[in-house]
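Engineer: Once you've had a glance at the structure underneath, I'll fire off some questions.
The values are calculated or read from the model by the stated rules, or taken from the named source; none is laboratory data. In this text, all values refer to a predicted model and were calculated from it rather than measured experimentally. Don't worry about glycine lacking a Cβ; one is built from the backbone with ideal geometry, like all the others, and counts go over all protein chains shown. Surface areas here come from the heavy atoms of the whole protein model, side chains and all, with no ligands, DNA or RNA. Shrake-Rupley method; radii C 1.70, N 1.55, O 1.52, S 1.80 Å.
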Amino acid sequence: MIARVHPSSVRGSIQANASKSCMQRACAAALLHIGKTRIVNPGNSFDDQAAIDIIQKLGAKVSTLEDGSMLVVSDGVAPLSNAIHCGESGLSIRMFTPIAALSKEALTINGSGSLLKRPMHFFDEVMPKLSVDTKSNKGYLPLQIKGPLQAANITIDGSLSSQFLTGLLMAFAATNAKDVSITVVDLKSKPYIDLTLEVLEAFGVTIINHNYQRFEFSEKGFTKQEKEIQYTVEGDWSGATFLLVAGAIAGGIAVKGLNVFSTQADKKILQALSDAGAGLSIQEHQIEIRPLPLKAFHFDATDCPDLFPPLVALAAYCEGTTVIEGVSRLQHKESNRAMSLQSEFAKLGVSVQLQDDLMIVKGMREGNSLRPLTAVTVHSHHDHRIAMATAVAALQAAGPVEIEAADAINKSYPDFFMHLQQLGVDLSITNN
């Protein structure tokens, strides 16, 4: 799919899409909960669909109710298939592998696209310590596992991704083990663990967090409950970051449906927008954003690496040189995201330099004048966030920008281009 985005102003208001980070965690918790779960405002991204398919293959019954909510009925992990497919979802593969290992059945876990290139040696190293026979393809997919997983005191490396820890927290809670703990060294993306613990708390599970260095299981885990649990999926801060940046560079908009008290990591976009000098009004039910002369900023994205693409689009319209920390977190995404941002924004005329763990972006603004970005053809690298970042950057370009492989947005935000159109953006879609 090719998206052709013309220079446009944005205006009006838009409802944020459902958070896939919340949705996928809710699916996992609903599988482990013995009873009924009603998920309100369920997501529809490809990653969400992968999570729904996984919990069904692991034994949950899923149906859609008249009001659009999703009903999950589960007796726990009881696989109906010996194979699980996670699509391209990094969270699904890392979260559901320990959960699937609660079963004594032999299972094969696989994925597609960029997921086949992401390292999975974590499971080879950790799962055998939990009584799970594990075999990967030389540290990559597919994984072959045979449980059942037995909770035990272990120490893990948290530097690659917090998603591995999320899966272990879920699985350990399902064993209802007492007086065991997971010790974590160098944990990254702590806000995502806050989100995991928050979802578990909604399902009645309590895990004691000792300053993100040790997680203790001495309280209650998943228990059978007669009363239906209702969980409402929050609006997605990750997708909304692109809308907010669009408002900061191309006109005033309001984004609704975001929880300003959310534990989602990408809520930190508000700090970056404030530091850049955007016109920002945070209200109870919506966030209003409008253009003002933007200035360069310094931002540490180590704990929120998904912010790099919208931050680069924002920095392109700032005066001066922006510095973003945390580049080491970008290698194992849908693409090598640092290199993808550098190459595609170079086509647009924006200098993006990589220096150790820093990304350095030279803005196109000089005083009150803005040198427009180049009207060219860019490529998403099949990375949803690269597609969205270049679309937002195109809003004040010298002419139309074509984005190849733009259907990558379906991974997290299928309605993205439609939402831009609702905000007044002139764009067209061609299916090639």
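Engineer: How many residues does the stretch 302-313 contain that are in contact with a Leu (Cβ under 7 Å, 6 or more places away or on another chain) and over 9 Å from PHE242 (Cα atoms)?
Structural biologist: Adding up the residues that qualify gives 3.
Engineer: Please work out which one of (1) modelled with pLDDT under 95; (2) part of a helix (DSSP H, G or I); (3) closer than 25 Å to ILE403 by Cα is the condition SER328 fails and give its number.
Structural biologist: Only one criterion is unmet by SER328, namely (3).
Engineer: Next up: Collect the residues in the stretch 398-415 that are within 17 Å of ALA246 (Cβ to Cβ) and crowded, with 22+ Cβ neighbours inside 10 Å, keeping them in residue-number order.
Structural biologist: Result: VAL401, ILE403, ALA406, ILE409, SER412, TYR413.
Engineer: Scan the stretch 209-225 and tell me whether some residue there is surrounded by fewer than 16 Cβ atoms within 10 Å (Cβ to Cβ), on the phi > 0 side of the Ramachandran plot and not hydroxyl-bearing (Ser, Thr, Tyr).
Structural biologist: Yes, there is a match, as at least one residue in the stretch 209-225 is surrounded by fewer than 16 Cβ atoms within 10 Å (Cβ to Cβ), on the phi > 0 side of the Ramachandran plot and not hydroxyl-bearing (Ser, Thr, Tyr).
Engineer: Considering only the stretch 312-339, how many residues are surrounded by fewer than 19 Cβ atoms within 10 Å (Cβ to Cβ), under 22 Å from ASN368 (Cα atoms) and small (Gly, Ala, Ser)?
Structural biologist: Of the residues in that region, 1 qualify.
Yes/no matrix, rows are residues, columns are (1) open to solvent by 10 Å² or more (accessible area, probe 1.4 Å); (2) under 29 Å from ASN17 (Cα atoms); (3) not hydrophobic (A, V, I, L, M, F, W, C); (4) not in a loop (DSSP other than H, G, I, E, B):
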residue: GLN49; (1), (2), (3), (4): yes, yes, yes, yes
residue: ILE55; (1), (2), (3), (4): no, yes, no, yes
residue: LEU71; (1), (2), (3), (4): yes, yes, no, yes
residue: GLY87; (1), (2), (3), (4): yes, yes, yes, no
residue: ILE93; (1), (2), (3), (4): no, yes, no, yes
residue: ILE99; (1), (2), (3), (4): no, yes, no, yes
residue: LYS104; (1), (2), (3), (4): yes, no, yes, no
residue: PHE123; (1), (2), (3), (4): no, no, no, yes
residue: SER136; (1), (2), (3), (4): yes, no, yes, yes
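Engineer: Condition first: touching a Lys or Arg at 6+ places or on another chain (Cβ under 8 Å), outside any loop (DSSP other than H, G, I, E, B) and open to solvent by less than 10 Å² (accessible area, probe 1.4 Å). Now tell me which residues in the stretch 20-47 satisfy that.
Structural biologist: ASP47
Engineer: Quick check on ALA83: is it hydrophobic (A, V, I, L, M, F, W, C) and open to solvent by 30 Å² or more (accessible area, probe 1.4 Å)?
Structural biologist: yes
Engineer: Follow-up question, since we're still on this one. Which of the residues belonging to the stretch 340-356 are in contact (Cβ under 8 Å) with a residue 12 or more places away in the chain and exposed (fewer than 15 other Cβ atoms within 10 Å of the Cβ)?
Structural biologist: LEU354, ASP356
Engineer: Scan (1) touching a residue at least 60 places away in the same chain (Cβ under 8 Å); (2) over 30 Å from LYS36 (Cβ atoms) for the single condition ILE156 breaks and write down its number.
Structural biologist: (1)
Engineer: Something else: Looking at LEU195, LEU200, which is the one that is surrounded by fewer than 24 Cβ atoms within 10 Å (Cβ to Cβ), assigned to a helix (DSSP H, G or I) and under 14 Å from the mean Cα position of the chain (by Cα)?
Structural biologist: LEU195
Yes/no per residue for (1) among the small types (Gly, Ala, Ser); (2) more than 26 Å from LEU187 (Cα to Cα); (3) out of contact with any helix residue (DSSP H, G or I) (no Cβ under 6 Å at 6 or more places or on another chain); (4) part of a strand (DSSP E or B):
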site	(1), (2), (3), (4)
TYR212	no, no, no, no
GLY221	yes, no, no, no
LYS227	no, yes, yes, no
GLN230	no, yes, yes, yes
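Engineer: Is at least one residue of the stretch 139-151 touching a residue at least 60 places away in the same chain (Cβ under 8 Å) and more than 23 Å from the chain's Cα centre (by Cα)?
Structural biologist: Scanning the stretch 139-151 turns up at least one residue that is touching a residue at least 60 places away in the same chain (Cβ under 8 Å) and more than 23 Å from the chain's Cα centre (by Cα).
Engineer: Mind listing whichever residues of the stretch 239-262 are in a helix (DSSP H, G or I), open to solvent by less than 10 Å² (accessible area, probe 1.4 Å) and not hydroxyl-bearing (Ser, Thr, Tyr)?
Structural biologist: Across the stretch 239-262, the qualifying residues are GLY239, ALA240, PHE242, LEU243, LEU244, VAL245, ALA246, GLY247, ALA248, ALA250.
Engineer: Which residue is nearest to the chain's Cα centre (by Cα), if the candidates are limited to the stretch 177-192 and must be part of a loop (DSSP other than H, G, I, E, B) and under 23 Å from SER238 (Cβ atoms)?
Structural biologist: Taking the candidates together, the pick is SER189.
Engineer: While we're looking at this one, here's another question. For the stretch 263-298, what are the residues that are free of Cβ contacts under 8 Å to residues at least 40 places away in the same chain, within 22 Å of CYS22 (Cβ to Cβ) and open to solvent by less than 30 Å² (accessible area, probe 1.4 Å)?
Structural biologist: Answer for the stretch 263-298, where residues must be free of Cβ contacts under 8 Å to residues at least 40 places away in the same chain, within 22 Å of CYS22 (Cβ to Cβ) and open to solvent by less than 30 Å² (accessible area, probe 1.4 Å): just LEU270.
Engineer: A further question follows. Quick one: what pairs do we get from the stretch 73-85, first residue of a type in the set (A, V, I, L, M), second assigned to a strand (DSSP E or B), C-beta under 6 Å, 6+ apart or different chains?
Structural biologist: Pairs that qualify, where the first residue is of a type in the set (A, V, I, L, M) and the partner is assigned to a strand (DSSP E or B), are VAL73/LYS36; VAL73/LYS61; ALA83/THR108; ILE84/ILE109.
Engineer: Restricting to the stretch 159-176, name every residue that is under 19 Å from VAL199 (Cβ atoms), open to solvent by 10 Å² or more (accessible area, probe 1.4 Å) and without any contact (Cβ under 8 Å) to a residue 60 or more places away in the chain.
Structural biologist: Listed by number, the list holds a single entry, ASN176.
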